[in-house]
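Comments concern the structure below.
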Ligand SMILES: [Zn+2]
């Protein structure tokens, strides 16, 4: 294989690898608009779930507390009646003490029941506000998902074609040339093979000796930049569309 063929292979390989990396990024990164819709959807869903769980807990607490409050109210009535039938001070003070005790307990339960009622109201309001996704919102989100899926599949298709092309270039280059490229690629990617920029290296911007510039143009052998050791090529001889 001539040095020119080898260099052409390297340039092609680097372009394919760069394109492959870009395609993989594209394939793995949903558009921002879709990501925002997904976040919005899941956040609202989570808030709604949390509100429903809270509502159930409040309702359960209310259901347990109400009979207790009712029983205490009856007890209070009982002691109130007793109070009106006492015949001496000793009895009176005993009943009043019982009544105070029941009153305190009853008040605590009533207060808590009122709190529960208020929180139930605000939770119900929150659930109503959050609501489920409207049909318009759902359609919008599903459209965005479908469009993204199409893009993703297009990227997958292009990636598959690109892999085939990569293998073809690798086969054309052969093992020995591939070894050299891999070494260079590991330390210099994504710019292992770089075009000259006039009479300078486009990667490190170091000036190139006139004789080196000449050697790069003739492509009788592969030439590397004196400063950064990257392989150099003449962009006019290897244009991007080639
Ligand atoms: Zn350089």
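Here are some notes:
- Of all residues in segment 26-52, those that are within 23 Å of residue 120 (Cβ to Cβ) have Cβ atoms under 6 Å from Cβ atoms of residues that are at pLDDT below 95 and surrounded by 12 or more Cβ atoms within 10 Å (Cβ to Cβ), 6 or more apart or on another chain, in 44/130; 47/130; 48/130; 51/126; 51/127.
Yes or no, residue by residue, for (1) outside any helix (DSSP H, G or I); (2) within 16 Å of the ligand (Cβ to nearest atom); (3) loosely packed, with under 11 Cβ neighbours inside 10 Å:
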residue	(1), (2), (3)
155	no, no, no
159	no, no, no
186	no, no, yes
240	yes, no, yes
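- Residue selected from segment 188-202 under the condition free of Cβ contacts under 8 Å to residues at least 40 places away in the same chain and surrounded by 19 or more Cβ atoms within 10 Å (Cβ to Cβ), by the criterion nearest to the ligand (Cβ to nearest atom): 201
- Selection from segment 203-227 of residues that are surrounded by fewer than 16 Cβ atoms within 10 Å (Cβ to Cβ), touching a residue at least 24 places away in the same chain (Cβ under 8 Å) and more than 8 Å from the ligand (Cβ to nearest atom): 220, 221
- Residue in segment 197-214 that is part of a helix (DSSP H, G or I), under 42 Å from the mean Cα position of the chain (by Cα) and either closer than 13 Å to residue 10 by Cβ or modelled with pLDDT of 95 or more (or both) present: no
- Condition met for residue 230 (within 16 Å of the ligand (Cβ to nearest atom) and exposed (fewer than 15 other Cβ atoms within 10 Å of the Cβ)): no
The values are calculated or read from the model by the stated rules, or taken from the named source; none is laboratory data. Keep in mind the model is a prediction, meaning the values are calculated, not measured. Using ideal geometry, Cβ is built from the backbone for each residue, glycine included, and neighbour counts are taken over all protein chains shown.
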